[in-house]
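*Asks:* Below are the C-alpha cells for one structure; questions will follow.
Every read-out reported here was derived from the displayed coordinates using simple, explicitly stated rules and does not represent laboratory data. The structure displayed is predicted, hence computed values, not measured ones. Note that we place each Cβ from the backbone using ideal geometry, even for glycine, and neighbour counts take in every protein chain shown.
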Amino acid sequence: GAGVSQSPSNKVTEKGKDVELRCDPISGHTALYWYRQRLGQGLEFLIYFQGNSAPDKSGLPSDRFSAERTGESVSTLTIQRTQQEDSAVYLCASSLDFPGEQFFGPGTRLTVL
Amino acid sequence: DQQVKQNSPSLSVQEGRISILNCDYTNSMFDYFLWYKKYPAEGPTFLISISSIKDKNEDGRFTVFLNKSAKHLSLHIVPSQPGDSAVYFCAARNTGTASKLTFGTGTRLQVTL
C-alpha cells in the first residue's frame, strides 16, 4: 500500500535494553512526525522533521530518546536504556508539506518488562 | 499541562441518533483544530478540521463547531452509524509557531443498534 508503515508492529524488551523503531513515510512527503500514546493518554508529540531543516526535538522526554531521518525517507526512533514508563504505542505520521494533513501509520506497541 | 481536554472518556449513542463529542482547550494561540478517528490497532485517520476564523465546518454527516470565546469545540455526527464506533481525538495547533499537534485523551464512541 501507499500509506505510512511502521516496524515492528510489536516489540517486547527488557528494562535497560536499547530499541529501534522504524517509520517509512508516504513517498514524497517532506514532513515526518513521531508521537507516542501511553495507556489512557492522548497522543504526545515527540519530534518533527521537515526537509533539510533542523528537526524540532522539543517533545523528546529525555536524552535517552533520539531520532534520525535520511533525506525525505525512512526515520528511526531510538530509545536507549529503556524504562518501564517508555511502554507505549509509538506512532509515526507524515505530511506532504507543513502544515499539511498528517497521515498516521499503525504504530509500534512497545512493552518494557 | 493538558492543553486540549476531552472530559468524556466514552459515549454510547443509538444508531440513527446524533453523537456529540466535546473538546476544550486552554491555549488561546491555537488557530487550527482537527478531529481524528482511531480504530483498534490502526493509526488515527483525519476526519474534519476547522480554522479559527470559522465557527462551523461541515462534511457530510460530520460537523465541527468552534466557540472561540469559550475555547470549546464539538463534533456532531448525524445520523450515527455502527461503523462510527471508534475513539475520537481532538487536536489543535498554533500554525505560526509550532509544528506539532496537541491531542486530547480521546473519547470512545459506541454506536449501538
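*Asks:* Structure shown: which of A:Lys17/B:Lys5; B:Lys54/B:Lys100; A:Lys15/B:Lys38 lie over 23 Å apart, alpha-carbon to alpha-carbon?
*Replies:* Long pairs (Cα-Cα over 23 Å): A:Lys17/B:Lys5; A:Lys15/B:Lys38.
*Asks:* What percentages, rounded to whole numbers, describe P(r) for chain A computed over all alpha carbon pairs with 10 Å bin width beginning at zero?
*Replies:* For chain A, the pair-distance distribution reads 16, 51, 29, 5.
*Asks:* What relative contact order, as a whole-number percentage, does the stretch B:18-83 give when Cα pairs under 8 Å and 6 or more residues apart are counted? Could the numbers behind the result be given before it?
*Replies:* Values: 113 pairs, mean separation 24.3, N = 66.
The value is 37 percent.
*Asks:* Okay, next question. When you look at the Cβ of every residue in B:43-49, what mean number of other chain Cβ atoms sits within 10 Å?
*Replies:* If you average over the peptide's residues, the count of other-chain Cβ atoms is 5.
*Asks:* Then there's this: From the Cα trace of the stretch B:71-110, what convex hull volume per residue do you get, rounded to a whole Å³?
*Replies:* Hull volume over Cα atoms, normalised by residue count, gives 92 Å³.
*Asks:* Something else: Over 22 Å apart: what share of the alpha carbon pairs of chain B falls there, rounded to a whole percent?
*Replies:* Of all Cα-Cα pairs in chain B, 27 percent lie more than 22 Å apart.
*Asks:* Work out how far the C-alpha atoms of the stretch A:48-111 reach from end to end along every principal axis, then list the three figures in whole Å, largest first.
*Replies:* That works out to 35, 24, 18 Å along the principal axes.
*Asks:* At 37 °C and a viscosity of 0.692 mPa s, what translational diffusion coefficient does Stokes-Einstein give for the stretch A:6-70, taking Rh as the Kirkwood radius over Cα pairs? Give it in µm²/s as a whole number.
*Replies:* 244
*Asks:* By what distance, in whole Å, do the Cα atoms of the protein assembly as shown stretch along each of the three principal axes, largest value first?
*Replies:* 49, 38, 37
*Asks:* At a threshold of 8 angstrom on Cα-Cα distance, excluding pairs fewer than six apart, so keeping six or more, what relative contact order does chain A reach in percent?
*Replies:* Values: 278 pairs, mean separation 43.0, N = 113.
The normalised contact order for chain A reaches 38 percent.
*Asks:* Using label points projected 7 Å from each Cα along Cα→Cβ, tell me how many nm separate A:Arg22 and B:Val78, to one decimal.
*Replies:* A separation of 4.8 nm, rounded to one decimal place.
*Asks:* What net charge is computed for the residues neighbouring A:Gly105, neighbours being all others with C-beta under 11 Å from the C-beta of A:Gly105, Lys and Arg scored +1, Asp and Glu -1?
*Replies:* -1
*Asks:* Restricting to the protein assembly as shown, what percent of DSSP beta bridges are antiparallel, rounded to 5?
*Replies:* Around 90 percent of the beta bridges assigned by DSSP in the protein assembly as shown are antiparallel ones.
*Asks:* Longest segment of chain B with no trypsin sites (Lys or Arg not before Pro) in a DSSP loop having at most 13 other Cβ atoms within 10 Å?
*Replies:* Looking at chain B, B:55-113 is the longest stretch - no exposed trypsin sites (Lys or Arg not before Pro) with at most 13 other Cβ atoms within 10 Å.
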